[in-house]
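Q: Take a look at this one; I'll ask things after.
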Amino acid sequence: MSDFRYTVHPARVVFGSHTLADVRPEVERLGRERVLVLADPGLPELGDRIREALGHLAVGRFDGAAMHTPVAVTEKALALLREVAADCVVAIGGGSTTGLAKALAVRTGVDQVILPTTYAGSEVTPVLGETDGGVKTTRSSPDILPETVIYDVELTRGLPLDITVTSAVNALAHAVEALYAPDANPVTDRLALEAIERIARALRRIKADPGAEDTRADLLTGAWLAGTCLGAVGMGLHHKLCHTLGGAFGLPHSPTHAVVLPHALAYNAPHAPDAVRRIGEALGSPDAPAALFDLLVETGAPTSLRELGLSETDLPRAVELAVAKPYPNPAPLTEDGLTGLLRAAWAGERPTSGGVPRLDWLTEQVVSTLGGEPRLRQLVGDLVRRLHGFAVDNDLTQAEWQAGIDFLTRTGQLCDDKRQEFVLLSDSLGVSSVVDALTNSRTPDTTPSAVLGPFYVEGPPELEHGTDVADGLPGVPLHVEVTITSVDGTPLPGAVVDIWQSNEDGFYDVQLPELEGPVLRGRFRADAHGMVRFWSILPSAYPIPADGTVGELLAATGRHPYRAPHLHFMIAAPGYQRLITQLFVAGGDYLDSDAVFGVKSDLVVDFPAGVGTPPPGRHVTGDWRDLAFTFRIAPAR
Ligand code: BEZ
Ligand code: FE
């Protein structure tokens with residue numbers, strides 16, 4: 001468990017395509033009447049469109065926002081804001097324009113409506129960073145948080161590819177660091193993972209079609225979600241390093257994020273394994289840092305600090321600055337550690353979270369050799385992929401692989417015409433129940449099926465109705481009356497019903513060589529009412545055969561070998577699908593931990609105490625049970 005404190009920041013978000021047109025109603029919704037328009041200096045035409053959309057509400061315009069929100073620029077805009085008596089700012093542009101809007105709001109309390117054109121995410125944070133005489137200060141206040149953010153996907157469709165990528169990685173960094181933030185919480189975790197998935201998906205597609213609406217919508221949604229994380233939890237090493245490199249060495253903001261993020265993630269990986277695993281899952285890879293690096297290479301982003309202009313001789317100073325002031329981060333910040341990180345980032349090396357190499361090429365090489373019948377190719381290809389993935393995801397050692405091979409070899413050696421340890425393995429791992437469900441349990445109006453198990457014997461003895469299949473064995477007498485019907489309830493006379501079960505000690509006859517002939521099994525034919533009736537004994541829980549490799553595995557993984565008490569049925573009727581199933585004794589042991597995962601709620605039934613005169617077929621003196629059940633079977637396919 002981890003404690004957390006979480007504040008939800010109130011902001012209205014309008015998201016869509018062509019939502020720029022909503023700017024006027026959104027300003028009116030805030031009750032504002034005099035707007036100062038702040039447009040990105042590089043996008044004057046967007047300022048014009050906003051002005052036009054606002055009509056007479058626009059009373060002034062300032063296109064001078066600059067990087068890092070210099071106080072001198074803010075003061076110029078502030079003078080204009082006062083001169084035109086604005087009660088609201090509408091900012092359209094990247095992080096700098098948003099920054100200016102925030103700087104004006106914190107000084108005057110004016111409302112802000114922001115239309116972001118990049119993926120900075122700062123529009124949903126209550127944080128403002130300003131520079132004055134080269135010194136950067138950061139502050140946080142509810143006044144800084146914009147009242148309304150209008151995300152218009154159209155505004156981002158033309159963003160150049162390089163800016164798109166680095167700006168998206170900037171957003172990605174917010175989500176990544178949110179997952180291992182000391183104040184992370186379940187809400188920001190979900191937001192961050194969703195952001196990573198969307199941004200990664202979009203970055204994989206962006207080169208092929210940079211203007212695609214879906215791709216841009218994913219990026220903008222991801223930026224919003226990641227920005228929300230940024231506003232809610234503290235950032236760590238990555239952000240600190242980027243600020244240091246930007247502030248002390250003048251490296252460009254977004255490209256620096258792109259270079260540093262995979263390395264910061266690799267650095268933190270051993271100390272935040274759970275977060276890094278989840279980041280990997282969101283990126284679709286067991287090795288998050290490497291996957292991130294590969295994604296950046298794919299999109300053409302910069303991968304080295306060298307190419308951003310940092311000199312190798314600057315590295316010791318960068319390390320010194322980065323360790324100067326301690327701050328929360330999963331991995332301790334050591335000089336040696338950060339030297340290694342920055343050297344690798346400077347040189348553009350591919351980081352990994354522990355050296356798991358990329359082996360997709362080998363997997364694809366194997367899959368590409370497969371030919372033959374399409375279904376077989378599909379199944380074998382997928383098996384190869386999953387087996388390779390299993391080995392890679394678990395960083396499988398040679399010894400573990402050999403242990404697996406030995407286990408399977410010994411499992412095979414236990415198989416003959418009497419014993420099938422592989423089927424038992426499949427049963428005990430739930431695979432048989434999965435295949436059974438896929439094959440047989442797709443309609444709610446038929447009785448569910450259950451696994452066959454190893455104790456069915458072909459050609460059981462044909463028995464008369466009323467026969468006692470226990471044939472004098474000890475146990476609580478059980479009278480069974482079952483009816484076989486079609487899905488609509490029509491009885492099926494002549495249906496063939498095979499039944500088998502264990503004795504009071506949990507053994508089937510085939511496990512007890514001293515028993516003469518078949519007992520506790522038989523074949524009945526349904527009468528004119530579709531009914532079958534016989535006597536037996538109440539089944540008890542029993543262990544599946546545990547003296548082989550399956551038993552070994554159960555013991556080694558801390559599992560018990562018991563099956564919940566049950567009676568087996570195999571039902572066949574011409575024109576109908578064969579039903580293999582079991583009825584479980586309600587209230588019996590192991591119903592919720594059956595060793596072969598065969599229990600389905602519809603098959604758990606009452607075996608109530610018998611009342612009145614016991615039906616013919618067995619002389620009963622004490623207590624007895626009376627089971628009645630109707631099986632509905634499906635027409636043949
Ligand atoms: C059985 O119910 O007979 C059974 C089913 C699967 C594995 C072992 C036993
Ligand atoms: Fe059984």
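Q: Where both residues lie in the chain, what percent of DSSP beta bridges are antiparallel, nearest 5? Walk me through the numbers on the way to the answer.
A: On the way: 34 of 70 bridges.
Among the beta bridges of the chain, antiparallel pairing accounts for roughly 50 percent.
Q: I need the phi-derived Karplus couplings for region 365-372: 6.51 cos²θ - 1.76 cosθ + 1.60, θ = phi - 60°, integer Hz, Gly and Pro marked x.
A: 4, 5, 4, 5, 7, 7, x, x
Q: Semi-axes of the chain's equivalent ellipsoid from the Cα gyration tensor, sqrt of 5 times each eigenvalue, largest first, rounded to whole Å?
A: Values: eigenvalues 957, 183, 91 Å².
Ellipsoid half-lengths, sorted descending, are 69, 30, 21 Å.
Q: Further, regarding this structure: For the pair Thr621/His271, report the inter-label distance in nm, with labels modelled 7 Å from Cα in the Cβ direction.
A: The modelled label-to-label distance comes out at 7.8 nm.
Q: Sort out for me the Cα centre separation of region 9-60 from region 591-635, rounded to whole Å.
A: 72
Q: Multiply the residue gap between Ala324 and Gln402 by 0.36 nm, knock off their C-alpha separation, and tell me the result in nm, one decimal place. The partial results should precede the final answer.
A: Details: separation 78, 0.36 × 78 = 28.08 nm, distance 4.90 nm.
Here the answer is 23.2 nm.
Q: I'd like the Karplus ³J(HN,Hα) series for region 334-344: coefficients 6.51, -1.76, 1.60, θ = phi - 60°, whole numbers in Hz, and an x wherever there's a Gly or Pro.
A: 9, 4, 4, x, 6, 4, x, 4, 5, 4, 5
Q: Relative contact order of region 155-252: what whole-number percent is it, with Cα pairs under 8 angstrom and at least 6 residues apart?
A: On the way: 109 pairs, mean separation 36.4, N = 98.
RCO, region 155-252: 37 percent.
Q: If I take the Cα coordinates of region 308-425 and project them onto the principal axes, what are the three extents in Å, biggest first?
A: Taking max minus min along each principal axis of the Cα atoms, region 308-425 gives 74, 31, 22 Å.
Q: What spacing in nm lies between the two simple spin-label points modelled at Arg139 and Arg343, each 7 Å away from Cα in the Cβ direction?
A: The two pseudo-label positions are separated by 4.3 nm.
Q: Can I ask one more? Just want the ordering: Trp401, Trp535, Trp624, from fewest to most Cβ atoms lying within 10 Å of their own Cβ. Each step should come with its number before you reach the end.
A: Working: Trp401 11, Trp535 22, Trp624 19.
Lowest to highest Cβ neighbour count: Trp401, Trp624, Trp535.
Q: To continue, here is another question. Could you tell me which of rounded, prolate or oblate describes region 160-349, using a ≥ b ≥ c as the square roots of the eigenvalues of the alpha-carbon gyration tensor, with rounded for a/c under 1.5 and, failing that, prolate when a/b is larger than b/c and oblate otherwise?
A: Details: a/c = 1.77, a/b = 1.25, b/c = 1.42.
Verdict is oblate for region 160-349.
Q: Starting from the coordinates of the alpha-carbon atoms of region 239-316, obtain the Kirkwood hydrodynamic radius over all distinct pairs and give the value in Å to one decimal.
A: Details: mean 1/r = 0.0759 Å⁻¹.
One over the average 1/r among Cα pairs gives 13.2 Å for region 239-316.
Q: Based on the mean of other Cβ atoms within 10 Å per residue, sort peptides 224-237, 508-521 so the most packed one is first. Intermediate values should be presented prior to the final figure.
A: Numbers: 224-237: 24.6, 508-521: 15.2.
So the order, starting with the most tightly packed, is 224-237, 508-521.
Q: Under the rule of at least 5 residues apart or a separate chain, name every residue whose amide H is placed under 5 Å from the amide H of Asp183.
A: Gly234
Q: Can you order the peptides 550-559, 536-545 by their average number of other Cβ atoms within 10 Å per residue, highest first?
A: 536-545, 550-559
Q: Run the simple label-point estimate for Asp395 and Ala212 please: 7 Å along Cα→C-beta, distance reported in nm.
A: 3.4
Q: Could I ask something else about it? Would you mind computing Rg(Cα) / (2.2 N^0.38 Å) for region 427-633, counting N as its residues?
A: Numbers: Rg = 16.7 Å, N = 207, 2.2 N^0.38 = 16.7 Å.
It is 1.00.
Q: Please order Phe629, Phe569, Phe597 by the number of other Cβ within 10 Å, starting at the fewest.
A: On the way: Phe629 16, Phe569 25, Phe597 19.
Ascending number of Cβ neighbours within 10 Å: Phe629, Phe597, Phe569.
Q: Amide H to amide H under 5 Å from Leu115: which residues, 5+ apart in sequence or cross-chain, H placed 1.01 Å off N in plane?
A: Ala91, Ile92, Gly93, Ile150
Q: Rounded, prolate or oblate: which one fits region 360-413, using the alpha carbon gyration tensor with axes a ≥ b ≥ c (rounded when a/c is under 1.5, else prolate when a/b beats b/c, else oblate)?
A: oblate
Q: Still on this structure: Which of the residue pairs Lys102/Lys240; Lys207/Lys240; Lys76/Lys102; Lys240/Lys325; Lys136/Lys325 have a Cα-Cα distance greater than 19 Å in the structure shown?
A: Working: Lys102/Lys240 22 Å; Lys207/Lys240 30 Å; Lys76/Lys102 14 Å; Lys240/Lys325 10 Å; Lys136/Lys325 15 Å.
Long pairs (Cα-Cα over 19 Å): Lys102/Lys240; Lys207/Lys240.
Q: Would you mind checking which residues have amide H under 5 Å from Tyr576's amide H? H placed 1.01 Å from N; only 5 or more apart, or other chain.
A: Correct list: Ala636.
Q: Take region 121-218, drop everything but the C-alpha atoms, weight them equally and run the Debye formula without solvent; then report log10 I(q)/I(0) at 0.15, 0.16, 0.17, 0.25 Å⁻¹ to two decimals.
A: -0.76, -0.85, -0.94, -1.29
Q: Could I ask something else about it? To check my understanding: the extent here is largest minus smallest coordinate of the Cα atoms along each principal axis. What are those three numbers for region 300-344, in Å, largest first?
A: Projected onto the principal axes, the Cα atoms of region 300-344 cover 31, 23, 15 Å.
Q: For region 197-267, what is the convex hull (Cα atoms) projected area averaged across all directions, in square nanometres?
A: Values: hull surface 22.3 nm².
The number I arrive at for region 197-267 is 5.6 nm².
Q: On full extension of the chain, what length is gained from Glu481 through Leu438, given 0.36 nm per residue of separation minus the C-alpha to C-alpha distance? Walk me through the numbers on the way to the answer.
A: Numbers: separation 43, 0.36 × 43 = 15.48 nm, distance 2.90 nm.
Extra length from Glu481 to Leu438 when fully extended: 12.6 nm.
Q: Hey, another quick one. List Met531, Met1, Met570 from most exposed to least, where exposure is judged by having the fewest other Cβ atoms within 10 Å.
A: Working: Met531 20, Met1 2, Met570 17.
Ascending Cβ contact count within 10 Å gives the list Met1, Met570, Met531.
Q: May I pose another question? For region 1-155, what D do you get in µm² per second when you plug the Kirkwood radius from alpha-carbon pairs into Stokes-Einstein at 10 °C and 1.306 mPa s?
A: Numbers: Rh = 15.4 Å.
Taking Rh from Cα pairs, D becomes 103 µm²/s.
Q: Can you work out ³J(HN,Hα) from phi for every residue in region 573-582, in order, using Karplus 6.51 cos²θ - 1.76 cosθ + 1.60 and θ = phi - 60°, giving whole Hz and x for Gly and Pro?
A: Along region 573-582, the couplings run 8, x, x, 10, 6, 5, 10, 10, 8, 9 Hz.
Q: In whole Å, how far is the Cα centre of region 406-479 from that of region 142-174?
A: Using only Cα atoms to place each centre, the spacing works out to 59 Å.
Read-outs: derived from the displayed coordinates by stated rules, not from any lab. These numbers come from a predicted model, not from an experiment. Using ideal geometry, Cβ is built from the backbone for each residue, glycine included, and neighbour counts are taken over all protein chains shown.
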